[in-house]
């Protein structure tokens with residue numbers, strides 16, 4: 001009787017974990033697709049860092065939380081020393097530290113530099129190209145997983161694998177239940193004779 005309770009409890013835990021994993025991954029993929037590929041939590045965008053230009057503060061493969069900036073007016077209030085995420089050529093996002101702020105006729109320009117780089121960036125950043133300010137929250141190594149999950153192969157694998165595991169586990173559970181019922185019927189048949 002005790003063994004049966006442990007098995008039932010184990011089955012429930014495994015089923016719950018697999019279902020939660022499947023629903024979470026599906027929700028993450030749908031939410032990321034709806035938000036244009038940029039997951040956002042409580043007003044903070046989660047960005048993956050794939051270079052070492054900001055090490056040691058921000059490690060390669062980390063996820064950072066970036067507070068979204070709406071409009072160039074808000075971006076114009078940034079100061080020397082702030083770490084910003086901005087759009088560069090080919091819609092590439094870069095996260096570097098502001099080393100100099102210049103106000104010109106065309107607007108505010110920022111000179112930026114990666115903490116681990118030897119020289120400042122060659123192109124100044126227009127305030128309108130700033131998408132967010134680094135909040136100081138970093139989760140190391142998770143960026144590698146997120147980057148893979150956002151690829152077509154990763155999305156497919158992360159949706160299909162939990163589904164297959166849940167399906168396989170359901171088949172095993174059904175087979176065990178049928179086997180138990182069959183043994184119970186055999187026992188009742190033998191007892192009836």
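Details
- Helix 152-192 axis, angle to the chain major axis (alpha carbon atoms, nearest 10°): 10 degrees
- Given their separation in residues at 0.36 nm each and the Cα-Cα distance between them, residue 67 and residue 80 gain 3.0 nm when the chain is fully extended.
- With the gyration tensor restricted to C-alpha atoms of region 41-140, the semi-axes of the equivalent ellipsoid amount to 21, 16, 11 Å, longest first.
- Gain upon complete extension [residue 91, residue 175; 0.36 nm per residue less C-alpha separation]: 25.0 nm
- Reported label for calculated percent of Cα pairs over 20 Å apart given (1) 58; (2) 55; (3) 67: (3)
- Alpha-carbon centroids, region 1-21 and region 94-135: separation in whole Å: 53 Å
- In this simple spin-label model, placing a label point 7 Å from the Cα along the Cα-to-Cβ direction at both residue 7 and residue 157 gives a separation of 3.5 nm.
- In the chain, Cα pairs under 8 Å separated by at least six residues give a relative contact order of 22 percent.
- Between residue 141 and residue 184, the distance separating the two model label sites (each 7 Å from Cα on the Cα→Cβ line) works out to 4.6 nm.
- In the chain, helices alone account for a calculated mean residue ellipticity at 222 nm of -15500 deg cm²/dmol, with every DSSP H run of four or more residues adding -39,500 (n - 2.57).
FYI, it's all coordinate maths here, none of it is from the lab. Just so it is clear, the model here is predicted, and its values are computed rather than measured. Here Cβ is always computed from backbone atoms with ideal geometry, including for glycine, and neighbour counts include all displayed protein chains.
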